[in-house]
Amino acid sequence: MHLDVLAARIRLQVVQPLLHQRSHVVHAAASIKFHLPVAVAARANITASLNMLEVARTLPMLSRFVYVST
């Protein structure tokens, strides 16, 4: 299942029932474009990861959160 982590707050109501059934989250979404403005890169990498953690904390069956970095 793909989740647009930058729009997680908007989509959360739609996908929340599906997410509640998950026990594992693998977060591998990030931007590796080195020419991005700092604000855009921060939004794509830092804010998206924080949003993913926020969503993961609401999952009652979560047993693993895996973060993959470049």
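The values are calculated or read from the model by the stated rules, or taken from the named source; none is laboratory data. All of these numbers come straight from a predicted model, not from anything done at the bench. We place every Cβ from the backbone using ideal geometry, glycine too, and count neighbours over all the protein chains shown. Keep in mind that these areas ignore ligands, DNA and RNA; they rest on the heavy atoms of the full protein, side chains included. Shrake-Rupley method; radii C 1.70, N 1.55, O 1.52, S 1.80 Å.
A few notes on this one:
- Residue that is farthest from LEU18 (Cα to Cα), among those in segment 37-70 that are open to solvent by less than 80 Å² (accessible area, probe 1.4 Å) and assigned to a strand (DSSP E or B): VAL66
- Among residues of segment 7-36 being loosely packed, with under 10 Cβ neighbours inside 10 Å and part of a helix (DSSP H, G or I), the one that is modelled with the lowest pLDDT is ILE10.
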